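All of the numbers you see were taken from the coordinates with simple rules; none came from a lab. No experiment lies behind these values; they were computed from the predicted model shown. In this analysis, Cβ positions are derived from the backbone assuming ideal geometry, glycine residues included, and neighbour counts consider all displayed protein chains.
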Amino acid sequence: MSAAAGATRPGTIAQHAVEGLRRALTSGELAPGDKVRQEEIADALGISLSPVREALAVLEQEGQVTYLPRRGYFVTELDVDDLREIYELRALLEERAARRALPLLDEDALERVEIAARDCARAVDGGDVAAELEANRRFHFGLLESPGQNHTLRVIRLLWDSTETYRAMYYNAPEARHDAIAAHDRIMSAARAHDPDRLTAELETHRAEALTRLEGVLSEGR
């Protein structure tokens, strides 16, 4: 974890800690089951323990870390049943969100989604998993966000957050990264056609492929 807190303003220290921990999770520096050593993180980021604890509380609410009494924080481990439940819930909520958002996606909104897709492809070419995860998230939520869906989107974000560490492991496989780019192209085509049935079908295929690969990641970790 890189130390970059020297120029961090006091009001942003807690957010800086959250971002540092997220980088450690998405880069694989912290893997599922690892103990989160707060002192080491604070030293690496050049901050005190207090904002690290605040950051861990945020990540605990997202399901990315788990607190065990008298043992401390650990990166959350999921089993196959957890993963399937999360993806089943995502399927229900994301179809609802996509169908409501699609009629409101104007040319500017679609262009932002396309930019995210291009950013994702560039990150794949550069082997930058963290950048790919960020662009991938922008791509998907750009298709789902619309007025009147605050609660739906909040739950979808929590479901995404709870599997982010595993998604990072999945994107470490080159074939997974390139398959995702091809899926994005098909999804984008459906969105441009303003075809809700085709769009939701492509999103479901993309989720199913990701779930299959993530199940493999979990199986390999046993």
Self-check item: Helix-only [θ]222 nm of the chain, DSSP H runs n ≥ 4, -39500 (n - 2.57) each, per residue, nearest 500
Solution: -23500 deg cm²/dmol
Quiz item: What ³J(HN,Hα) values, in whole Hz, does the Karplus curve 6.51 cos²θ - 1.76 cosθ + 1.60 give for the stretch 157-163 when θ = phi - 60°, with x put for Gly and Pro?
Solution: 4, 4, 5, 4, 4, 5, 10
Self-check item: FRET efficiency, 1/(1 + (r/R0)^6) with R0 41 Å, evaluated for SER50 and VAL80 via beta carbons
Solution: 0.65
Quiz prompt | Gained length - GLU40 relative to ALA130, 0.36 nm times residue gap less alpha-carbon distance | solution = 30.3 nm
Quiz prompt | Fraction of alpha-carbon pairs over 18 Å apart in the stretch 125-222 - percent | solution = 51
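So what's the convex hull volume per residue for the Cα atoms of the stretch 31-114, in Å³?
With only Cα atoms used, the stretch 31-114 gives 168 Å³ per residue.
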Practice problem: Any chance you could run the full-extension gain for HIS178 through ASP195? It's 0.36 nm times the residue separation minus the Cα-Cα distance, nm to one decimal. | Solution: 3.7 nm
Practice problem: Taking the convex hull of the Cα atoms, report for the chain its projected area averaged over all directions, in nm². | Solution: 12.9
Exercise. Using R₀ = 30 Å, calculate the FRET efficiency as 1/(1 + (r/R₀)^6) where r is the Cβ-Cβ separation of GLU107 and ASN150; round to 0.05.
Key: 0.75
Quiz prompt | Rounded to whole Hz, the Karplus (6.51, -1.76, 1.60) HN-Hα couplings of the stretch 99-104, x for glycine and proline | solution = 5, 6, 7, 3, x, 9
Practice problem: Starting at the first residue of the stretch 82-97, write each ³J(HN,Hα) from the Karplus equation 6.51 cos²θ - 1.76 cosθ + 1.60 with θ = phi - 60°, in whole Hz, x for Gly and Pro. | Solution: 4, 4, 5, 4, 4, 6, 5, 5, 4, 4, 5, 6, 6, 5, 4, 5
Quiz item: When only C-alpha pairs under 8 Å and at least 6 residues apart count, what is the relative contact order of the stretch 73-170, in percent?
Solution: 35
